[in-house]
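This report refers to the structure that appears directly beneath it.
The values are calculated or read from the model by the stated rules, or taken from the named source; none is laboratory data. Predicted, not measured: the structure shown is a model, and the values here were computed from it. Here Cβ is always computed from backbone atoms with ideal geometry, including for glycine, and neighbour counts include all displayed protein chains.
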Amino acid sequence: MGVLDGKIAVVTGAGRGIGREIALMFGREGAKVVVNDLGAQVDGEGASPIADEVVAEIRQRGGEATANYDTVATVEGGEGIFRTAIDTYGGLDILVNNAGILRDRTIFKMTEAEWDAVIAVHLKGHFCCTLPFARYIKETNRRGCRILNFSSGSGLRGNFGQSNYGAAKAGIAGFSRVLALELKKFECTVNVISPGAATRMTIPLAEARGRPVDPSDPTRGPQQIAPAVTWLASEKAKDITGEMFGVARGNVSILHQPVPLKTYHSDTVWTLDQLDRAMPKLVEAKREYDEAVKDRSAPRPLDD
Ligand SMILES: NC(=O)c1ccc[n+]([C@@H]2O[C@H](COP(=O)([O-])OP(=O)(O)OC[C@H]3O[C@@H](n4cnc5c(N)ncnc54)[C@H](O)[C@@H]3O)[C@@H](O)[C@H]2O)c1
């Protein structure tokens, strides 16, 4: 018995890295898996049939899987990925929007093409793959579906040289919060993962910073992300929606949402003098909060 027995899943960008590990675990847990990947280089250029290898691996272990090579970055591609699930398995229950690329550059040097390519694969890619699935959920009144979206610390906290990627990843968090509200009445949950894993996306950066990471380390490699995604994709997570989870370095965390920490009110239009008083107090409240949270969120053993 697997926790995803009888479920039909799409995992985008599942030819390697984090997506591959999710597809393999979904297969082991009984899901029929559409392994989507166009087999691009890290910058999104090129194509290769790497999805086939993951499909073969799932089948070798007795699971069910089929490949799809469409891009997530167009509405036609998203439709093609969705159709593969419908035509091959007769439905869809779980969508993992994981595909991604990088075109790192500081704002001083970033080109329009670099901005557009990253927004297209990440932010628009989430839209393109979700659109046919959301419509299908509504039209067929399919219950208990799951959407797992991929954000990043780059978008939620910021990372030097990644304004295109950070904008897309923050946008994905906002997209997901709205989707969670819109799909709630169909009992479809929408949650966000902010992962950290040694893959081709991060290994070169870690090496450049003199802190090499070993992808086979169970607390650092892409295999550590799959269990949390699988759990959230299962029946177990039916009451959890609109949340963001950090999964990295062996840690599983729940992330806070951008809500007010302290508020002052004025019945008239705020004056600059009033703001001279209010702003430092607001910023101080935030600093105190950050300090308190640093303590509270330090990694601890499960039974603590
Ligand atoms: N690795 C990390 O530490 C980390 C951190 C934060 C966020 N993420 C996010 O996690 C996700 C997976 O990252 P990863 O580290 O496994 O990267 P990866 O490069 O190992 O895998 C990404 C896969 O997406 C595929 N892909 C790229 N463009 C595509 C497209 N248009 N259509 C279909 N497939 C496409 C690639 O071919 C590749 O196989 C990404 O969304 C990434 O932004 C990763």
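Within region 90-113, is there a residue that is without any contact (Cβ under 8 Å) to a residue 24 or more places away in the chain, within 22 Å of Gly174 (Cα to Cα) and either aromatic (Phe, Trp, Tyr) or within 14 Å of the ligand (Cβ to nearest atom) (or both)?
No, the conditions are met nowhere in region 90-113.
The residues listed here are Ala197, Ala226, Ala248, Ala233; of these, the one that is modelled with pLDDT of 95 or more, assigned by TED's automatic domain parsing to the domain that holds Glu21, within 14 Å of the chain's Cα centre (by Cα) and away from the ligand (no atom under 13 Å from the Cβ) is Ala233.
Assess whether Thr219 counts as being in a loop (DSSP other than H, G, I, E, B), of a type in the set (S, T, N, Q), more than 25 Å from Gly30 (Cα to Cα) and under 24 Å from the mean Cα position of the chain (by Cα). Taking the combined requirement at face value, the residue does not satisfy it.
When Tyr69 is tested against the conditions (1) within 19 Å of Arg146 (Cα to Cα); (2) near the ligand (Cβ under 9 Å from one of its atoms); (3) in contact with a strand residue (DSSP E or B) (Cβ under 9 Å, 6 or more places away or on another chain), the lone failure is (1).
Considering only residues that are of a type outside the set (A, V, I, L, M) and surrounded by 23 or more Cβ atoms within 10 Å (Cβ to Cβ), look in region 168-188 and name the one that is farthest from the chain's Cα centre (by Cα). Here the residue is Cys188.
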